[in-house]
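In what follows, a structure is listed as structure tokens, so that the remarks can point back to it.
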Amino acid sequence: MWNVFKGALTVLTRKRELFVWSLAFPIILSTMFMFMFSNLDSATAFDPVPTGVVADAAYEDSAFADVVDELGEPGDDQLLDVHAFATADEARAALSADEVQGVLSVDDNGDPLLLVTPDSGGLGVEQIGRTILNTVVNTYVRDADLIAGIAEDNPLALADPGRIEDALAHGDATEQVSLTHAEPAQSVRYYYALLGMAALFCGQVGMLAICEAQPNLSPLGARRALGATSRGKTLAATLAASWLISFLCLMVAFLYIRFAVGIDFSGREGLCAAALAVAALLSTALGTLLGSLPKVGMGVKTGLLTALTCFLSLFAGLYGEPCMELADSITRNYPLLASMNPAKVVTDLFYSLYYYDSLAPFAQKAGILLAMAAVLFAVSALFVRRQRYASL
């Protein structure tokens, strides 16, 4: 049996065409993704609001100027991108040219003023910028009125900086918590879907292996049928070699995506390797089923596998944002149907490691894949056992 395993491994590794789809394709496609999605995660990041200020004497002498300077201080928490203008006309011209989203100034009484363009509706970047600037002005006015009220009612309270700080402290109305194992990033979903597609493409290895093991389809299979090793052991050794090659192809693609492309797998690379082992077993079972179909040529079997892989990957969300939304919609509304798609289940296998602290979702998805593989192997065994040969 060991000799059969080594022989099958040698035969499969010499089939260079197998590695085009099983190995080269996911590496090439992940490289394309790297350039296509390079700005996807940063597109939703917050940028400081471009803000113009009329830096006249009234503005420079006001406390509001210190507030604006602090909010415009470069750093991770920078809120405003301040552009100073000498006159109000220059600031309005910059606002009309969309160089800034609002203009801040101070009147003769020291009260802040805000000038923005008319609201066009919606929740775009401009509307968010207007809201932020309006909040800055309103908060300053409210705090200034509060300090003025304290000074009028109890002037001695102003001598205690701690009491003033407590009065101006707004506190946090919400507490930020994480419900996922890692900070979600949009781009990782497409790479996980790519691994699902690569797993199905690895079915070509199992398909070719089972064809090479059948006496009526391969001279090698005919010679093995006449050998001393039983047919069951021959098939088991052949499928083991197929699984090993599929796993190694997926592992190389995974390492490339992890280290060359830089995709985050939430520090669970060991469990990802286990996920790839399960996915490789499923691909071997799928290839075995297609390879054992009677009275079907190798070219037709290859076409069936390619068409099935591309079709199932559509509902795993591989082909862009609309397809990803379609996959999410099917998962929400028809979870049983989504669980029957091996490409989607393989994709969710990595989702579960990335998003959840618990390993229960991962175990559930792995169990579904193992059950699929068992069913596919069982159906394949029925096809193989019923085949009889008048002569070899």
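The values are calculated or read from the model by the stated rules, or taken from the named source; none is laboratory data. As the structure is a computational prediction, the values presented were derived from the model and not from experiment. Counting neighbours? That spans all protein chains shown, and the Cβs are built from the backbone with ideal geometry, glycine included.
Tell me, yes or no, whether the range 129-145 has at least one residue that is assigned to a loop (DSSP other than H, G, I, E, B) and at pLDDT below 85. Looking through the range 129-145, none of the residues is assigned to a loop (DSSP other than H, G, I, E, B) and at pLDDT below 85. Residues in the range 361-387 that are small (Gly, Ala, Ser) and at pLDDT 95 or above were compared, and the one that is farthest from residue 312 (Cα to Cα) is 363. All of (1) at pLDDT 85 or above; (2) not assigned by TED's automatic domain parsing to the domain that holds residue 140 hold for residue 9 with one exception: (1).
In the range 295-332, which residues are of a type in the set (D, E, K, R) and either outside the structural domain of residue 204 (by TED's automatic domain parsing) or surrounded by fewer than 16 Cβ atoms within 10 Å (Cβ to Cβ) (or both)? Correct list: 295, 321, 325, 328, 332. Counting only residues that are touching a Gly at 6+ places or on another chain (Cβ under 9 Å) and either among the small types (Gly, Ala, Ser) or free of Cβ contacts under 8 Å to residues at least 24 places away in the same chain (or both), the range 318-347 holds 6 of them.
Yes or no: residue 125 within 14 Å of residue 48 (Cβ to Cβ), among the β-branched types (Val, Ile, Thr) and either modelled with pLDDT under 90 or out of contact with any helix residue (DSSP H, G or I) (no Cβ under 7 Å at 6 or more places or on another chain) (or both)? Before the answer, list the steps.
Details: within 14 Å of residue 48 (Cβ to Cβ): yes; among the β-branched types (Val, Ile, Thr): yes; either modelled with pLDDT under 90 or out of contact with any helix residue (DSSP H, G or I) (no Cβ under 7 Å at 6 or more places or on another chain) (or both): yes.
Yes: the conditions hold for residue 125.
Scanning the range 329-349 turns up no residue that is at pLDDT below 90, in contact with a Ser or Thr (Cβ under 8 Å, 6 or more places away or on another chain) and over 18 Å from residue 281 (Cβ atoms). Looking across the range 333-367, the residues that are crowded, with 16+ Cβ neighbours inside 10 Å, more than 19 Å from residue 33 (Cβ to Cβ) and polar (S, T, N, Q) come down to 339, 341, 352.
Would a scan of the range 212-234 turn up a residue that is touching a Lys or Arg at 6+ places or on another chain (Cβ under 8 Å), buried (at least 23 other Cβ atoms within 10 Å of the Cβ) and at pLDDT below 95? Spell out how you get there, then give the answer.
Restricting attention to the range 212-234, the residues satisfying the condition of being touching a Lys or Arg at 6+ places or on another chain (Cβ under 8 Å) are 213, 215, 225, 234.
Subsequent filtering for residues that are buried (at least 23 other Cβ atoms within 10 Å of the Cβ) retains 213.
Now narrow it down to the ones that are at pLDDT below 95: 213.
The answer is yes, given that some residue of the range 212-234 is touching a Lys or Arg at 6+ places or on another chain (Cβ under 8 Å), buried (at least 23 other Cβ atoms within 10 Å of the Cβ) and at pLDDT below 95.
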